[in-house]
Amino acid sequence: MLPACQGETVKTKVLVLGAGMAGISAARSLNQSGLTDFVILEGTGRIGGRVWKVQFGGKTIDIGPNWVYGTSDDNPIWRMVETYNVTGIDASQKGIKVRNSSGHDVTPQWHTVLASLDEPSEAAYDLAVERNATGQPDMPLRATLKLSGWNPTASMEKAVEYYWYDMYYGEKPDVSSLLRGELNPTTDMFGESEYLITDQRGIVYIIEQMAESFLAENDQRLKLNKTITTIRWSDDGVTVTTKDGSRYTVDFAIVTFSMGVLQSKSVEFVPGLPDWKREAISRVHMVSYTKIYLKFPSKFWDDDEYIGYIGERRGYYTVWQNMESPGVFLEGTNILLVTVVDDEARRVEAQSDEATQAEVMAVLRNMYGAGIPDPTDILVPRWGQDPFSRGSYANWGVGIDDEELRKLQAPVAGRLFFAGDGTGPHFGYLHGAFFEGARVAGAIATCVGGGPCEEGYQPPRRGCTCPAADNFDSQATVDNGSCLYPTSGGDRIVPFSTSFYIMGVAAFTFTDMM
Ligand SMILES: Cc1cc2nc3c(=O)[nH]c(=O)nc-3n(C[C@H](O)[C@H](O)[C@H](O)COP(=O)(O)OP(=O)(O)OC[C@H]3O[C@@H](n4cnc5c(N)ncnc54)[C@H](O)[C@@H]3O)c2cc1C
């Protein structure tokens, strides 16, 4: 007897795989361009992906993002915050009180050390600008800081560095990219202001509003609880299979899974993705950033927005946020937040909440004395262990240059498109996911509408790129030093790099003018 068929079989034009910011942005853009023949498949029972809220201690808490980076109208997230009146506070200036392991207030020393990081961090930026302009390769941020004499050995220096860099990149300067980190398009385009969302609808409200703008109630184009297990692709199209046995056959699919999910191989690609795509994906760092919320019977901590802890171990419960500081939650909420990243975040995720609470309380008792109460509740999100995220956000590793970006963004066989917070220049940000979703939707709509179709990644073609040369190759993207130039006597100057040629011409012109 044949086994009973399970699931559904659907044919449509486009599949959007994942209903986080990138997926909803892609589907919305497809819809706006008149391409309404799509289905969104999402593994969980909700939309939003890493943008998510939970109820904790009587409040709605965002356990994913809640900062908007850049309050400029060019930032689509900021525009939506304004449109939907999403409440929050200007978080650009951060007040901080710092205590050491004996509970002493060491805030003045903190500010002195923080000020001493100004010069090395400015030097890092200048070096990034120079290396970028002169085409020199990337290097680890750590190496640049060292060049400026920043060698943190004291606990205070390590804590300052962690606060300044690790809390942002989600990992140490040792592995963070100088060029990508310092020459950040987000700051260039949207400015340095930050907005902390405290809205009780959660930041996911923005994504819900985006979805409502093109999906009707119970719209059959959004399918939740559909865990994708296999993606079969060819030059002719894509077939996706889900855990419940459903099959979806389409002309184009947009994969919006996080880099952590793609690296985990929990979804099988048949045939496997080409090497250039796999290599590029494997170079992106999926960092861990864990916000631990604590609810206490009463408030005993400082009133400042941030509280710093200077302990022996680098990154060990160093950065705290007072959730009762003005504009955040009301007094009497008694909620404190401590954030850990990288190794500490992975370690905390792997242990029990009881073990984490014991560690946290030991630190708080160092700062505020033995008499403080235990929390009544603790919340430890586990983004790294969640099979639908496998980490918190993408941080590009050292050496991810424009060529690697092209590989991350390029479709496979002109059928399988990739979008998410790891595939674009605004990597690791919510607005980056928004832009990437819109980008691939635009590429597909153009192709379907009869415009040019993106086929896939083309490796750089080496050849002579100088139009003045006899053997100029108009298709070449990288000069290989093979240019042949006519001389007055008809002889040739043989293999000669274009850059030397240009330098020579420039030098000649300059000398002539003197
Ligand atoms: C703790 C934390 C703090 C952050 N802070 C900020 C911040 O303050 N500001 C900021 O700008 N950004 C922040 N970010 C980053 C931001 O959340 C992400 O950049 C953004 O949400 C990524 O959206 P996405 O659509 O690319 O990916 P995702 O949100 O991961 O969407 C992918 C979707 O695919 C689904 N999926 C995965 N696997 C499968 C499968 N096999 N089958 C079906 N569906 C699947 C997932 O469930 C998910 O819905 C933070 C992230 C975290 C976790």
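Brief remarks follow.
- Note on the range 456-476 and the range 270-325: Cα centroid distance 45 Å, given to the nearest whole angstrom.
- For Val106, the amide hydrogen comes within under 5 Å of the amide hydrogens of Val98, Arg99, Asn100, counting only partners 5 or more places away or on other chains and with H modelled in the peptide plane.
- In the range 129-178, the chymotrypsin sites (Phe, Trp or Tyr not before Pro) that fall in loop regions by DSSP, at most 14 other Cβ within 10 Å: none
- Sites listed here are trypsin sites (Lys or Arg not before Pro) in the range 275-376 whose DSSP assignment is loop and whose Cβ has at most 14 other Cβ atoms within 10 Å: Arg313.
- Rounded if a/c under 1.5, otherwise prolate or oblate - the chain, Cα gyration tensor axes: oblate
- Separation in nanometres of the label points that stand 7 Å from Cα toward Cβ, at Glu312 and Glu130: 4.1
- The alpha-carbon of Lys146 sits under 17 angstrom from the alpha-carbons of these lysines, leaving out residues fewer than 8 places away in its chain: Lys158, Lys172.
- Distant-in-sequence amide H partners of Ile40 (H built 1.01 Å from N, under 5 Å): Val16, Leu222, Lys223
- Electrostatic dipole magnitude of the chain [Cβ: Lys, Arg +1; Asp, Glu -1; Cα centre; debye, to 20]: 1480
- For the chain, share of DSSP beta bridges that run antiparallel, in % to the nearest 5: 65
- Rounded Å value of the spacing that divides the Cα centres of the range 182-228 and the range 406-436: 16
- Environment charge of Phe56, counting only residues whose C-beta is closer than 12 Å and scoring Lys/Arg +1, Asp/Glu -1: +2
- Residue-averaged [θ]222 nm for the chain, counting only DSSP H segments that reach four residues, each worth -39500 (n - 2.57): -9500 deg cm²/dmol
- Among the listed pairs Lys59/Lys97; Lys13/Lys226; Lys97/Lys295, those beyond 22 Å (Cα-Cα): Lys59/Lys97
Read the figures in this text as sums done on the coordinates, not as results from a lab. Values in this document were obtained by computation on a predicted structure and should not be read as measured data. Every residue, glycine among them, receives a Cβ derived from its backbone with ideal geometry; neighbour counts consider all protein chains shown.
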